[in-house]
Amino acid sequence: MKKLSIFAIGIVLLALAACGYDTDSADWAGEPTAVHRDSATTVPPPPTPTGAARTDNIAPQESTTDTVFTTSTSAMQRMIIREADISFGTYDFLDTVDNILQITADHGGFVEASRQWIAGELWHARFTLRVPVGLFDQVNRELIATAEVLSFSTTSQDVTMEFNDLASRLRIREEEKRRVENMLEIATALPEILRLEQQLTNLRLTIEAYYRRMTEIDDLASFSIINVALRKLEPYEEEDLYYLPYDDSDGFGTQLASAFSTSFGSTINVLTNIALALAWAGPPLLLFGIVTLMVYIVIKKLSFIKRA
């Protein structure tokens with residue numbers, strides 16, 4: 001009976017131990033939980049561009065800089081920077097400029113840079129337009145219809161990998177910055193404090209550079225670039241004709257007079273071209289003839305002296 005009681009007491013003690021003690025917890029028996037500083041820091045997920053399509057509703061990430069990127073745990077869309085170069089020629093310069101600016105404004109774009117100048121008697125202009133990436137092709141089609149296109153080209157650049165790499169580097173540098181800040185709080189020696197402050201300054205500058213580049217990529221991927229070069233064309237001047245225009249309904253006399261005028265005009269053109277050619281080639285030919293004659297005379301004299 002005594003052995004049975006001892007056995008029952010042992011079972012009760014084991015049950016109490018199982019209910020009140022967790023082998024994975026250090027809180028049993030009132031012991032404090034030891035937390036490592038590095039493991040207690042939560043690393044934020046990598047930022048994604050505000051211009052990319054999102055499939056979640058995660059709130060924006062808090063940042064120590066003025067630029068705020070949204071976060072996303074899902075795969076983001078490709079980030080493509082698109083750029084176009086268009087060269088126009090037009091007879092109605094001012095109207096074409098107004099049409100280009102109006103098309104840009106109607107599609108939610110803006111003029112990033114512009115320049116207009118006059119060379120000789122002809123106006124020239126250059127514009128750098130920024131339009132939403134989703135309307136890039138439509139804006140190009142409408143711009144092409146405004147004037148005579150002299151040249152047109154487009155380029156695309158995938159910057160998704162660069163953006164992701166910057167996001168990873170940014171996350172690592174921010175974690176390193178938090179560790180240095182914690183070390184600086186407990187540092188007591190002056191040399192150590194100065195070294196940590198210099199390291200912290202360098203990390204802050206690096207983080208700012210990463211944020212600036214990520215902001216630039218996000219901006220370029222959200223608003224495409226269209227470079228427009230415009231120049232006014234010279235007015236067409238019809239050349240003077242040496243013949244009278246006629247058609248099949250004109251009489252024989254009119255056709256004969258027109259043929260004679262055409263023949264006469266052609267003859268004048270031929271003679272004019274010959275005269276111009278002689279004017280250009282005459283002085284060199286004359287000089288060549290004089291030199292040749294002088295050489296011939298010298299050779300003649302030398303031959304005469306040799307015979308004597």
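For this structure, a couple of remarks:
- Answer from Arg173, Arg169, Arg178 - the residue that is assigned to a helix (DSSP H, G or I) and under 25 Å from the mean Cα position of the chain (by Cα): Arg169
- Selection status of Arg126, surrounded by 17 or more Cβ atoms within 10 Å (Cβ to Cβ), touching a strand residue (DSSP E or B) at 6+ places or on another chain (Cβ under 6 Å) and touching a residue at least 12 places away in the same chain (Cβ under 8 Å): no
- From the options Thr160, Thr128, residue that is within 24 Å of Ala221 (Cα to Cα) and at pLDDT 95 or above: Thr128
Residues are listed down the side, and each one gets a yes or a no for (1) part of a helix (DSSP H, G or I); (2) of a type in the set (S, T, N, Q); (3) in the same structural domain as Arg130 (by TED's automatic domain parsing); (4) modelled with pLDDT under 80:
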| site | (1), (2), (3), (4) |
| --- | --- |
| Asp218 | yes, no, no, no |
| Leu230 | no, no, no, no |
| Pro235 | no, no, no, yes |
| Tyr246 | no, no, no, yes |
| Ser249 | no, yes, no, yes |
| Phe260 | yes, no, no, yes |
| Phe264 | yes, no, no, yes |
| Thr267 | yes, yes, no, yes |
| Val291 | yes, no, no, no |
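- Note on the range 136-158: residues that are within 16 Å of the chain's Cα centre (by Cα) and under 21 Å from Thr96 (Cβ atoms) amount to 6.
- Condition check for Arg195: closer than 24 Å to Gln77 by Cβ, free of Cβ contacts under 8 Å to residues at least 40 places away in the same chain and assigned to a helix (DSSP H, G or I): no
The values are calculated or read from the model by the stated rules, or taken from the named source; none is laboratory data. Just so it is clear, the model here is predicted, and its values are computed rather than measured. All Cβ positions, glycine included, derive from the backbone under ideal geometry; neighbour counts span all protein chains shown.
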